[in-house]
Each structure stands twice: as C-alpha cells, then as structure tokens.
Amino acid sequence: MEEKKDIKNEELKNEEIKDEAVTEKETQGTVNNDQMENKESSEVFDEVSENEDTTEDDELNIVKKQKEENKKLQEQLDMTKDRLLRLTAEYDNYRKRTAKEKEGIYSDAYVDVLKEIVPILDNLERAIAADGSVEDLKKGIEMTIKGCQDSFTKLGIEEIDTCGEFDPNVHNAVMHIEDESLGKNAIAEVFQKGYKKDDKIIRHTMVKVAN
C-alpha cells in the first residue's frame with residue numbers, strides 16, 4: 001500500500017513538472033510573440049518616420065524651388081520696369097528734341113519768308129518818301145510787284161492757274177452767270193488771285209463761274 005502511494009505521488013509530481021514545462025513554454029511563446037510584435041511595431045514606426053522625413057524633404061524642396069522661381073520672376077520684372085523707364089525717358093527726350101527741331105524749322109521758314117518781304121516793304125517806303133509824277137509812282141509800284149513775284153518764285157510760291165475750268169479744289173466761286181459764249185464751268189472772271197506752294201493751297205482763287 002505504501003508502495004502504491006509512492007507511485008501515485010511520483011506520478012502527480014511528474015504531472016506537475018509537465019504542467020510547469022508547458023506553462024514555461026507558453027510563457028516563452030508569449031514573450032517571443034511580444035518581441036515579434038514589438039519588432040514589427042518598431043519597423044512600422046521606422047517606416048513611418050522615414051516617410052515623414054521624406055515628405056518634409058519634398059516640401060522643403062518645393063518651397064525652395066518656389067522661392068527660386070519667385071526670385072527669377074522678380075528679377076525679370078525689375079528688368080522689364082527698368083527697360084520701360086528707359087524707353088519712357090528716351091521717348092520723352094525724342095519728343096522734346098523733335099518739338100525743338102520743329103520749332104527751329106518753323107522759325108527758319110519764317111525768317112526765309114521775311115527776308116524776301118522786307119525788301120518789298122523798303123521799296124514801298126521809298127516810293128512814298130520820293131517826290132515825282134504819277135507815272136514815276138506807277139513805275140515804282142510795277143517794280144515793287146516785280147520784286148514780290150521774284151520773291152514768290154524764290155520761295156516756291158506759284159499763282160494758281162485760271163485758264164481751264166472751275167476746280168473747287170483750288171478755286172472759290174463767289175458768283176455764277178449764264179453766258180452762251182463760254183463753256184460749262186468756265187471761269188468768267190478772276191476777282192482775286194490764288195497761290196499755292198507745291199500741293200498746299202495758300203489762298204484759293206476767287207472767281208466768277210459761267211453756266
């Protein structure tokens with residue numbers, strides 16, 4: 001009986017040892033699982049960190065590129081403004097220079113005309129101051145007219161022709177008559193001579209037009 005009791009105790013003891021071994025094995029497995037989970041979590045965290053670092057680097061690169069592009073655009077804008085200011089200044093100088101040259105040309109033209117008119121005025125003043133007959137006065141006036149015509153020729157001024165038909169571009173009709181001896185739109189009489197320089201009309205010829 002004593003021997004059976006010892007065998008039973010031995011069996012219980014072995015079962016306890018087995019249970020302890022199983023428990024220890026399960027514990028070890030749990031530890032290993034925890035370690036694996038921790039390792040996986042660590043790897044995931046590292047990957048996330050790397051992704052975050054990559055994203056930050058990309059954002060920094062984008063910001064850097066934008067700053068560089070903004071700098072280039074600003075430089076181009078400054079160059080355009082400078083060019084515009086230069087062109088504006090050049091145009092202003094050109095306008096002032098052209099206005100001054102135009103004024104100079106206008107003044108020179110005045111002087112050229114006056115140089116031709118002053119001698120005519122001198123002749124008229126001498127004619128008034130001189131003593132003489134009506135015939136002498138008439139000759140003096142004829143000479144003055146001749147001098148005026150010569151001056152007009154030098155200035156390129158021409159008398160407008162009235163030999164042809166009426167031309168509204170160069171003639172000014174102040175009267176109209178019916179005359180069978182004259183053709184249609186014929187100039188019947190000249191009341192006041194007209195003059196032109198090249199294609200520019202100085203004064204229209206004042207005429208009477210027939211038919």
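The numbers here are math on the coordinates, done by the rules we state, and not lab data. Since the structure is predicted, the reported quantities are computational estimates derived from the model, not experimental observations. Every residue, glycine as well, gets a Cβ built from its backbone with ideal geometry; the counts of neighbours run over all protein chains shown.
Counting other beta carbons within 10 Å of each Cβ, put Cys163, Cys148 in order, fewest first.
The most exposed by this proxy come first: Cys163, Cys148.
Starting with the highest mean, order 196-206, 84-94 by the number of other Cβ atoms within 10 Å, averaged over the residues of each peptide.
196-206, 84-94
Assuming a strict under-17 Å limit between Cα atoms, what lysine pair count do you get for region 53-155 once near-sequence pairs (fewer than 8 apart, same chain) are dropped?
Counting lysine pairs in region 53-155 gives 7.
Where does the Debye-calculated log10 I(q)/I(0) of region 159-211 sit at q = 0.18, 0.19, 0.30 Å⁻¹, using only Cα point scatterers of equal weight, no solvent?
Ignoring solvent entirely, the Cα scatterers give -0.50, -0.55, -1.16.
Starting from the Cα of Asp131, step 7 Å along the direction of its Cβ; do the same at Asn169; then give the gap between the two resulting points in nm.
So the label points at Asp131 and Asn169 sit 5.6 nm apart.
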